[in-house]
């Protein structure tokens, strides 16, 4: 799921006085959107969410659409924003390279008893600055699979960024192009789990989200090819 509407995109001067201009919180409208998305999820999913994994950015933490006291919550570095100047402009990136994302401090802000202190994080630190887009996409795809494998019988909610939702669809639904990922858009993935003796085996993910259904708009790659062909006539 993508975070809600960021404050810096609606109040451009915010970053000029912010202590952490690279880590904008949500604007009030973003919080409202997250709340309404949570209502939609709770009434429409038809199954419980057992665990939530959040990226360390403030806008993702602010987006949690469920009562965190009802599930286990963890912060995962691997769900963070694309770590390059295409996503985080140089004028707001920390000059000393210190992003200030301390997971212990972030988890201390969550309601008592909700943090899973036994969880082993996939990424021990943030990805390196100037990460390429292909590396980011591989990171997101890896995180989805690793976290799902850790808890094969749990339903997980992963809170991250637009590119993560893009990957959640395009990685597991072949031959589609993502046109738009709106604020608080989300993709629902499902896979079969097979229990054998004391272990589990998993099948491939299937994307259950239709284009335009949950804020993610995509179209078949063939549609793009057809348009190019017609244009060249």
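The values are calculated or read from the model by the stated rules, or taken from the named source; none is laboratory data. What you are looking at is a predicted structure, and each value in this text was computed from that prediction instead of being measured. Here Cβ is always computed from backbone atoms with ideal geometry, including for glycine, and neighbour counts include all displayed protein chains.
Each residue in region 98-115 was checked for being closer than 15 Å to residue 70 by Cα and in a loop (DSSP other than H, G, I, E, B), and 5 of them qualify. In region 15-28, the condition of being touching a helix residue (DSSP H, G or I) at 6+ places or on another chain (Cβ under 8 Å), surrounded by fewer than 19 Cβ atoms within 10 Å (Cβ to Cβ) and not in a loop (DSSP other than H, G, I, E, B) is met by at least one residue.
Do the conditions hold for residue 147, that is, is it part of a strand (DSSP E or B), touching a strand residue (DSSP E or B) at 6+ places or on another chain (Cβ under 7 Å) and surrounded by 16 or more Cβ atoms within 10 Å (Cβ to Cβ)? Considered against the rule, which asks whether it is part of a strand (DSSP E or B), touching a strand residue (DSSP E or B) at 6+ places or on another chain (Cβ under 7 Å) and surrounded by 16 or more Cβ atoms within 10 Å (Cβ to Cβ), residue 147 comes out as no. The condition of being surrounded by fewer than 18 Cβ atoms within 10 Å (Cβ to Cβ) and either more than 24 Å from residue 163 (Cα to Cα) or modelled with pLDDT of 90 or more (or both) holds for only one of 33, 51, 121, that being 121. Regarding residue 185, is this residue in a loop (DSSP other than H, G, I, E, B), modelled with pLDDT of 95 or more, closer than 29 Å to residue 26 by Cα and touching a strand residue (DSSP E or B) at 6+ places or on another chain (Cβ under 7 Å)? In short, yes. Could you check region 54-103 and list, in sequence order, the residues that are loosely packed, with under 14 Cβ neighbours inside 10 Å and either under 14 Å from residue 20 (Cβ atoms) or modelled with pLDDT of 85 or more (or both)? Result: 85, 86, 89, 90, 91, 95, 96, 97, 98, 100, 102.
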